[in-house]
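The values are calculated or read from the model by the stated rules, or taken from the named source; none is laboratory data. Values in this document were obtained by computation on a predicted structure and should not be read as measured data. Counting neighbours? That spans all protein chains shown, and the Cβs are built from the backbone with ideal geometry, glycine included. Each accessible area value is taken on the protein alone, full model and side chains, heavy atoms only, with ligands, DNA and RNA left out. Shrake-Rupley method; radii C 1.70, N 1.55, O 1.52, S 1.80 Å.
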Amino acid sequence: MATAREICCPAASAKFGFKGSLGPSERARAACATGQQEQENRMHATQPPGTQIDILAVHNLRDLGGWPAGDGRRVRSGLIFHSTDLHAVADAGLEALARLGLRTIVDLRTVAEREPQPDRLPDGATQLYCDVLADARNAAPAMLPMIMADPRNAGELLGDGKAESLFAQGYRDIVSLPSALDAFRRYFLVLADETRRPLLFHCATGKDRTGWAAAATLSLLGVSQDDVFQDYMLTNLQLLPALQPVFDRFAAAGGDPDLLKPVLGVQPAYLEAAFEEMRRTFGSLDAYFEDGLKIESGTLRELRVALTEERTT
């Protein structure tokens, strides 16, 4: 079993319900596991905001906790995580994920993405499917398989700023498509249920649909826009190095790897497009949640209280 030291490392720049009573040895093991999880969560909470959690085959994994949330508060650690998908995680990685105490895995991918590569779930976790792009005709954040299938002709699709335009539109869709509104409504309602936390959400590469989910969550909790964008841009540090083999295969097949940078990485303009769409369509962040996602103001207040805490330093 991996230790806490093996699970967590700084970034370069972040069900079971037992039936019947437990015997003495089982109680001892359960108490030991609980104590270890609490110790690891305390250690993780002391890490700087955005610190990457290093688990093999689970990239861009970090806790949303630690960011200042205004009024002398900060986002609680150990409750909300995000990552890439979990289809390739090995048994040791599942054990490490289980020690985060995860109760819910929210999968934001399309059916076409998740069916051939279903998640492997850690013990104790259930899954919720929230298909953000179900209504999208040409979903840029889910187009990587098509690009990789024909690297030599990728320039026609991605060159001359086309990739940036496609992704900016994709982020607008992530905000305002009916399927996106339904998906994020379900995500936030599950997040509001304390019995479903800690929670991890992800898409395929953990940067676009996941990026907006993180940005919207942090914004709701009162995190400044500068910190929201800082967290978002950590993807380029925590994900791109792990994707170097993808760049290499693309180049070996005759493609220009520079074309992949706006596809596999993130850019401030993408997230800016999402916020612009939110303001254009709904007028404000509060209206996005209340009118777009149809979440009651009382639930939003409960989320802010439950997911933030007073800063002690």
Requested in this report: Write down the radius of gyration of the stretch 154-215 and its Dmax, each obtained from C-alpha positions, in Å.
Outcome: 14.6, 48
Query raised in the report: Taking a probe of 1.4 angstrom, what is the accessible area of THR281 in Å², to the nearest 10?
Result: 60
Query raised in the report: Across all directions of projection, what mean area in square nanometres is found for the Cα convex hull of the stretch 97-176?
Result: 6.7
Report summary line: Row for the stretch 54-159, column shape: gyration tensor on C-alpha, a ≥ b ≥ c, rounded if a/c < 1.5 i.e. under 1.5, prolate if a/b over b/c, else oblate; value prolate
Report summary line: To the nearest 20 debye, the stretch 158-313 has a Cα-centred charge dipole, built from +1 on Lys and Arg Cβ and -1 on Asp and Glu Cβ, of 320
Query - aspartates and glutamates with Cα under 20 Å of LYS162, excluding same-chain neighbours fewer than 8 positions away - result: ASP150, ASP173, ASP208, ASP256, ASP258, GLU272, GLU276, GLU277
Report summary line: Binned at 10 Å from zero, the C-alpha pair distances of the stretch 147-274 give percents of 12, 38, 33, 14, 3
Query raised in the report: So which aspartates and glutamates pass the test for LYS207, namely a Cα distance under 12 Å, with those fewer than 8 places away in the same chain ruled out?
Result: ASP85, ASP231
Query raised in the report: Using a 1.4 angstrom probe and counting only protein chains, how large is the accessible area of ASP256 in Å², to 10?
Result: 70
**Report entry** the stretch 55-150, accessible surface, carbon-and-sulfur percent (1.4 angstrom probe)
**Finding:** 50
Query raised in the report: Counting other Cβ atoms within 10 Å of each Cβ, which GluC sites (Glu not before Pro) in the stretch 268-305 have at most 16 and sit in a DSSP loop?
Result: GLU296
Query raised in the report: Regarding the stretch 236-313, what whole-number volume in Å³ per residue does the convex hull of its Cα atoms give?
Result: 166
Report summary line: Taking Lys and Arg as +1 and Asp and Glu as -1, residues besides LEU97 with C-beta under 11 Å from its C-beta add up to -2
Report summary line: Rounded to whole Å², per residue accessible area for the stretch 56-165 with a 1.4 Å probe reads 43
Query - Exposure of SER284 as accessible area (Å², to 10), given a probe of 1.4 Å and all protein chains - result: 50
Query raised in the report: Cα-based Rg (one decimal) and Dmax (whole number) for the stretch 183-227, in Å?
Result: 11.0, 31
Query - Average accessible area per residue (Å²) across the stretch 191-313 - probe 1.4 Å, nucleic acids and ligands excluded - result: 41
